[in-house]
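The block underneath contains the structure these notes are about, expressed in structure tokens.
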Amino acid sequence: MTRKKEQVRVLSQEQLAAGIFSMWIATEAAGEARPGQFISMYTNDGTKLLPRPISICEIDREAGALRVVYRVTGRNTGTEQFSQMKAGDALPIVGPLGNGFPLERAAGKRAFLMGGGIGVPPILELAKELDCGKKQIIAGYRDSQTFLREEFEENGELYISTEDGSAGVKGNVLDAVREYGLEADIIYACGPTPMLRAIKAYAQEHDIECYISLEERMACGIGACLGCVCQTKEKDAHSNVNNKRICKDGPVFLATEVEI
Amino acid sequence: MDMRVKIAGVEWKNPVTVASGTFGSGEEFSEFVDLNRLGAVTTKGVANVPWPGNPTPRVAEVYGGMMNAIGLQNPGIELFCKRDIPYLQQFDTKIIVNVCGHAPEEYLAVVERLQEEPVDMLEINISCPNVNAGFLAFGQDARHVEELTGQIKRIAEQPVIMKLTPNVTDITEIAKAAEAGGADAISLINTLTGMKIDIHRRTFALANKTGGVSGPAVHPIAVRMVYQAAQAVQIPIIGMGGIATAEDAIEMLLAGASAVSVGTANFHNPTAALDVVDGIAEYMRQYGVKDVRELIGGVR
């Protein structure tokens, strides 16, 4: 009974690109948060009940602050309401939630840190904390609005792909890997399912250890409602069927253990 | 001030439980909620064998509520008895096991397996709208409800609560059928069947196409149905449907429920059920209500 939904304070808010917003919040959750975890963000609007699971982009443990970078998903949405909040406003959250990326697996290895679309933000804190042999960050964007680019450049070798070719390599993150002739012993990835599916196939083909962060609509966010499951290769010990809970058992999974 | 209620001979310390499917078997929520403070914990539905449930997306948000089509994913009764029941036994609360099935023999297998288990009550889910086996007819057909209730009552060692669907023309007919079959109590309402369409992807928001609507938006419908059922049967009613606050719970008690379940609100606020317990106590102090049972059916 140590946990509760808390009202945190918005410290700052800025727009990074079309529909992409960045918010710093003051919360005790920063103390225990790890890269790859998420927080459940709630609106203050009683007609929108469910939490929006938003990945953690940066952690400032000393200041007790978290950064989230999120996409506004449309008009009259919860994320639109978040984007209108200002410094000093109260935001209800539960978190940190989920397992996070296994950092220790990267020691001495050449790593790919791959993010696509709104899967780019959680890669930043990973890049800041990961201790590995060679840190290759590959970020995939729609267009030349390459948000978080400067922060990535400070934390590793950055390679960029864009769908429209307006910056970096035209195509997706794997096109950038091929174009620049990059190699890895371990992969961490977050992004849309088609991208993760392609990365999983690439990792299997090259026999690379690969961790992917999955996304799904959630209701409880803490593992009770079974709303956000993914299919697993083996029977899961908790569910007793071939399903794991993305919120509780994930969101980060070894790519070979999940069917996507 | 006395908050105890007695449902089919089982005494709860207060009239508040959680709605099946919103609370697992309590373990995940125990980080947020002292389970000892709940009148009862109602578990997620369990079947005779493990069920994988429906494809995702399984949940969607709607105005003032949500929709779900989980499809009763559950680990099966054997693992449940080995893991979930011992977990709940650590707490000073009543254990209500929700039982699901596709056909009478599947329900009966679970009820039989639970005969010797330390559980306090059984809640029989004859009303899930999200499982495709044509069995929905059970909860929507009075004759089937009476027959299945009778079959279960013949072998059950614990009091039996039949959980009713609101997706019927006349709730009193179904409530009476459960009573005629020997049910010790009824609970209502389960979710209302709905549909949401994702206009950006031009497809259904839920992979199952339809799902059960719950949350504050359905509360007035639930109050109406609990009231109607209370006028029609003598057995106690556990009222549920959109209860998010103590005020919602008190409405339900006044409409004729002997106890209430907090469901979807747990997703919005993990401590919602405790807030309801505390809020009922505050209301009782405010209005000088000495015994919570004074509220039950207080509106006629």
- Dipole magnitude of the range A:6-97, debye to nearest 20 (Cβ charges: Lys/Arg +1, Asp/Glu -1, about Cα centre): 280 debye
- Note on the structure: Taking every residue of B:62-72, the Cβ atoms of other protein chains inside 10 Å of its Cβ average out to 3
- Item | the protein assembly as shown shape via C-alpha gyration tensor axes, a/c threshold 1.5 | prolate
- Straight-line reach check, residue A:244, cutoff 15 Å on alpha carbons, 8 or more apart in-chain or any other chain, hits among aspartates and glutamates -> A:215, A:216, A:234, A:236, A:257, A:259, B:28
- Item | Farthest positive-ward along the range B:151-264 dipole, Cα basis, beta-carbon charges - from B:253, B:230, B:165 | B:165
- Message: Along the charge dipole of the range A:6-97, pointing to its positive end and built from +1/-1 on Cβ of Lys, Arg, Asp and Glu, which listed residue (A:22, A:76, A:57) has its Cα farthest out?
- Response: A:76
- Note on the structure: residue B:37 neighbourhood, Cβ < 10 Å, K/R = +1, D/E = -1, net charge -2
- Query: Which lysines have a Cα less than 18 Å from the Cα of residue A:248, not counting those fewer than 8 places away in the same chain?
  - Reply: A:4, A:5, A:233, A:235, B:44
- Task: Let me know the charge dipole size of chain A about its Cα centre in debye, to the nearest 20, where only the beta-carbon of Lys, Arg (+1) and Asp, Glu (-1) is charged.
- Result: 800 debye
- Among the Cys residues of chain A, which have no other cysteine Cβ under 4.7 angstrom away? A:57, A:132, A:190, A:210, A:228, A:230, A:247
- Message: Over the range A:125-213, what is the relative contact order in percent, taking alpha-carbon pairs closer than 8 angstrom and at least six residues apart?
- Response: 20 percent
- Inter-chain shielding metric for A:40-48, i.e. average beta-carbon neighbours from other chains within 10 angstrom, reads 3
- Query: For chain B, what is the charge dipole size about the Cα centre, in debye to the nearest 20, if Lys and Arg each add +1 at the Cβ and Asp and Glu each add -1 at the Cβ?
  - Reply: 580 debye
- With an 8 Å cut-off on Cα pairs and a minimum separation of 6 or more residues, tell me the relative contact order of chain B in percent. 20 percent
- Task: Set the Förster distance to 51 Å, then compute FRET efficiency between residue A:12 and residue A:178 from the Cβ-Cβ distance, nearest 0.05.
- Result: 0.85
- Ranked output for segments A:178-186, B:283-291, B:19-27, A:226-234 by mean other Cβ atoms within 10 Å, highest leading, reads B:19-27, A:226-234, A:178-186, B:283-291
- Note on the structure: Checked chain B against the a/c 1.5 cut and the a/b vs b/c comparison, axes a ≥ b ≥ c from its Cα gyration tensor; verdict rounded
- Task: Just need the relative contact order of the range A:6-97 here, percent rounded to a whole number, with Cα pairs under 8 Å and 6+ apart.
- Result: 40 percent
- Item | Dipole-positive endmost among B:62, B:12, B:43 within the range B:1-80 (Cβ charges, Cα centre) | B:12
- Once you sort the root eigenvalues of the Cα gyration tensor of the range A:209-260 as a ≥ b ≥ c, which label holds: rounded (a/c under 1.5), prolate (a/b larger than b/c) or oblate (the other case)? oblate
- Query: What value, in deg cm²/dmol to 500, does the helix sum -39500 (n - 2.57) over DSSP H runs of n ≥ 4 give at 222 nm once divided by the residues of chain A?
  - Reply: -4500 deg cm²/dmol
- Rh (Kirkwood; distinct C-alpha pairs) - the range A:6-97, Å: 13.0 Å
- Message: Net charge within 10 Å of residue B:98 by Cβ-Cβ distance, Lys/Arg positive one each and Asp/Glu negative one each, not counting residue B:98 itself?
- Response: +1
- So how do B:32-40, A:57-65 stack up, highest first, on mean other-Cβ count within 10 Å? B:32-40, A:57-65
- Task: Quickly estimate the mean residue ellipticity at 222 nm for chain B, helices only: each DSSP H run with n ≥ 4 gives -39500 (n - 2.57), and the total goes over all residues, rounded to 500.
- Result: -8500 deg cm²/dmol
- Per-residue mean of other chain beta-carbon atoms within 10 angstrom of the beta-carbon, peptide A:237-244? 5
- Item | Sequence-distant aspartates and glutamates (8 or more away, or on other chains) whose Cα lies within less than 16 Å of residue B:290 | B:2, B:278, B:282
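Coordinate-derived values only; no laboratory data. Please read these numbers as outputs of a predicted model, since none were measured by experiment. Note that we place each Cβ from the backbone using ideal geometry, even for glycine, and neighbour counts take in every protein chain shown.
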